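**Q** This structure is in C-alpha cells; I'll ask about it shortly.
The values are calculated or read from the model by the stated rules, or taken from the named source; none is laboratory data. Not measured: the values here are computed from a predicted model. Positions of Cβ are generated from backbone atoms using ideal geometry, with glycine treated the same way; all protein chains shown enter the neighbour counts. Just so you know, the surface numbers come from the protein's heavy atoms only, side chains and all, with ligands and any DNA or RNA stripped out. Shrake-Rupley method; radii C 1.70, N 1.55, O 1.52, S 1.80 Å.
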Amino acid sequence: MDIFRNKAELQNKITQLKQNNYSIGFVPTMGALHEGHISLVRCCNKENDITLVSIFVNPAQFNDREDYEKYPRDVQKDIDWLKEFNCDIVFNPSETEMYPEPDNRTFDFGDLDKILEGYYRPGHFNGVAKVVSKLFDYVHPHKAYFGEKDFQQLAVIRQLTKEENMEIEIVGCPIVREEDGLAMSSRNKRLNSEERKNAVEISRFLFESREKKDEMNVEGLKNWVKDQLNKNVYINVEYFDIVNEKDLKPVHSWSESKDIRGVIAAWVGNIRLIDNIKYE
C-alpha cells in the first residue's frame, strides 16, 4: 500500500496508473474509521482496479472549532486497518497541503444546502464542497463512494459533480449499523456508557416509525417520533423531517413520492448524531 502526504506525488502515481488503464475508485474519509467506512472500501474494491482512501479532518466543514479539535484521530490505526482490507493508496495530507492559502470559494446549491443540516450548521456544506472538489481535482477518480448515513451530503456531492461538470460516478452505499441498530459513526466513540445505551433509541424509533407509517399521516408520524425520543432525558431532537429523496424537501402526504425518507439529527448528551430511514 502506498501512502502519500503530498498531492504532487499522489498525482504522479495516479497518472501512471491511468496510463496503464487502471480504474480508480475513491473513498474520502476524515479517519477514525469504522465498519461503515470499510463497507465503502469493500464496495470500491469490487468495482475498481485501484482503491484510494483519503484521511483528512477538514476544518472548513466544522461550525464549532471545539468540535473540530475533539474529532477522534488515530491515523496509524486507520492505515493499519486499511492494509487489511486491500486498500492500494492512502492520501493523508496536512492542513497546509490542502489549504496552502485561504479558500474563499462559495458554492450555491439552491435550497439543497440550506435546509435540514444546512439550516442548523450554516456553511457546513460549503466546507464539504471545498474539500471534496479539491480531492476530486487531485485524484480524478472514475467512481467515488459515500455512505447514505450522511444522506444530505451525498445529495450535495452529486449536485457538485453535476454543476462542476465532473465525470465522476458518485456511489451511495447503505448505512452500516451496530448490532443494536445504532448507525455507525466516528462520533459514537465520544458517547459515555449511559449515553451509548440510550442513543440506540434513535434508530429504534426510526424503525418503529416505518411500521407505523400506514397508521398515521406524515405530520402525525413526525410528531410521534419527536415525542417518543424527547421523553428520553439523554436525547434532544434537533430536527426530524420526512422528505422527498430527490430534493430533500418535506412531503405532506405519503402519495407525493415513491422515494420518501425520514431524516433526523439529535443530541445525545453533548454529542450530535444523525440518521435516516427509507419509507417503503
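**Q** Looking at region 254-272, can you tell me whether even one residue there is in contact with a helix residue (DSSP H, G or I) (Cβ under 7 Å, 6 or more places away or on another chain), closer than 22 Å to ILE115 by Cα, modelled with pLDDT of 95 or more and assigned to a loop (DSSP other than H, G, I, E, B)?
**A** Within region 254-272, one or more residues are in contact with a helix residue (DSSP H, G or I) (Cβ under 7 Å, 6 or more places away or on another chain), closer than 22 Å to ILE115 by Cα, modelled with pLDDT of 95 or more and assigned to a loop (DSSP other than H, G, I, E, B).
**Q** Tell me, please, whether a residue that is surrounded by fewer than 20 Cβ atoms within 10 Å (Cβ to Cβ) and among the β-branched types (Val, Ile, Thr) can be found in region 256-268.
**A** no
**Q** Test each condition in (1) open to solvent by 40 Å² or more (accessible area, probe 1.4 Å); (2) free of Cβ contacts under 8 Å to residues at least 60 places away in the same chain for PHE109 and report the one that comes out false.
**A** Of (1) open to solvent by 40 Å² or more (accessible area, probe 1.4 Å); (2) free of Cβ contacts under 8 Å to residues at least 60 places away in the same chain, only one is false for PHE109: (1).
**Q** Let me ask you something else. Any idea how many residues of region 227-241 are over 11 Å from LEU116 (Cβ atoms) and open to solvent by less than 60 Å² (accessible area, probe 1.4 Å)? Full working, then the answer.
**A** Applying the first criterion (over 11 Å from LEU116 (Cβ atoms)) to region 227-241 yields 227-237.
When the remaining residues are screened for being open to solvent by less than 60 Å² (accessible area, probe 1.4 Å), the result is 228-229, 232, 235, 237.
Result for region 227-241: 5.
**Q** Still on this structure: Being among the basic types (Lys, Arg), within 19 Å of the chain's Cα centre (by Cα), within 21 Å of LYS189 (Cβ to Cβ) and surrounded by 18 or more Cβ atoms within 10 Å (Cβ to Cβ) narrows it down to one of LYS70, LYS149, so name that one.
**A** Exactly one residue qualifies, and that residue is LYS149.
**Q** Separate question: Among the residues of region 83-95, are any on the phi > 0 side of the Ramachandran plot, open to solvent by 40 Å² or more (accessible area, probe 1.4 Å) and part of a loop (DSSP other than H, G, I, E, B)?
**A** Checking region 83-95: at least one residue is on the phi > 0 side of the Ramachandran plot, open to solvent by 40 Å² or more (accessible area, probe 1.4 Å) and part of a loop (DSSP other than H, G, I, E, B).
**Q** Taking the conditions exactly as written (in a helix (DSSP H, G or I) and surrounded by fewer than 18 Cβ atoms within 10 Å (Cβ to Cβ)), does TYR119 satisfy them or not? Spell out the reasoning first.
**A** Numbers: in a helix (DSSP H, G or I): yes; surrounded by fewer than 18 Cβ atoms within 10 Å (Cβ to Cβ): yes.
Taking the combined requirement at face value, the residue satisfies it.
**Q** Now for a different question. Given the criterion within 27 Å of LYS70 (Cβ to Cβ) and of a type in the set (S, T, N, Q), identify the matching residue among ASN232, ASN217. Don't jump to the end; show me each part of the working.
**A** Values: ASN217 fails: within 27 Å of LYS70 (Cβ to Cβ).
Only one candidate passes the filter, namely ASN232.
**Q** Name the single residue that is modelled with the lowest pLDDT among those in region 25-49 being closer than 20 Å to ASP137 by Cα and open to solvent by 20 Å² or more (accessible area, probe 1.4 Å).
**A** For region 25-49, the residue satisfying everything is MET30.
**Q** Would you pick out the residues in region 18-51 that are part of a helix (DSSP H, G or I) and not aliphatic (A, V, I, L, M)?
**A** If the condition is that a residue be part of a helix (DSSP H, G or I) and not aliphatic (A, V, I, L, M), then LYS18, GLN19, GLU35, GLY36, HIS37, SER39, ARG42, CYS43, CYS44, ASN45, LYS46, GLU47 are the ones that fit.
**Q** I'd like the residue in region 1-17 that is in a loop (DSSP other than H, G, I, E, B) and more than 14 Å from LYS83 (Cα to Cα) and, out of all such residues, is least open to solvent (accessible area, probe 1.4 Å).
**A** This residue is ASN6.
**Q** Being surrounded by fewer than 18 Cβ atoms within 10 Å (Cβ to Cβ) and more than 11 Å from GLU35 (Cβ to Cβ) is the filter here, so list the residues in region 173-186 that pass it.
**A** PRO174, ASP180, GLY181
**Q** Looking only at region 50-62, decide whether some residue is open to solvent by less than 80 Å² (accessible area, probe 1.4 Å) and among the aromatic types (Phe, Trp, Tyr).
**A** Applying the first criterion (open to solvent by less than 80 Å² (accessible area, probe 1.4 Å)) to region 50-62 yields 50-62.
Going one step further and asking which of them are among the aromatic types (Phe, Trp, Tyr), we end up with 56, 62.
Yes: one or more hits.
**Q** For region 3-29, how many residues are of a type in the set (D, E, K, R) and more than 17 Å from ASP49 (Cα to Cα)?
**A** The number of residues fulfilling the criteria is 3.
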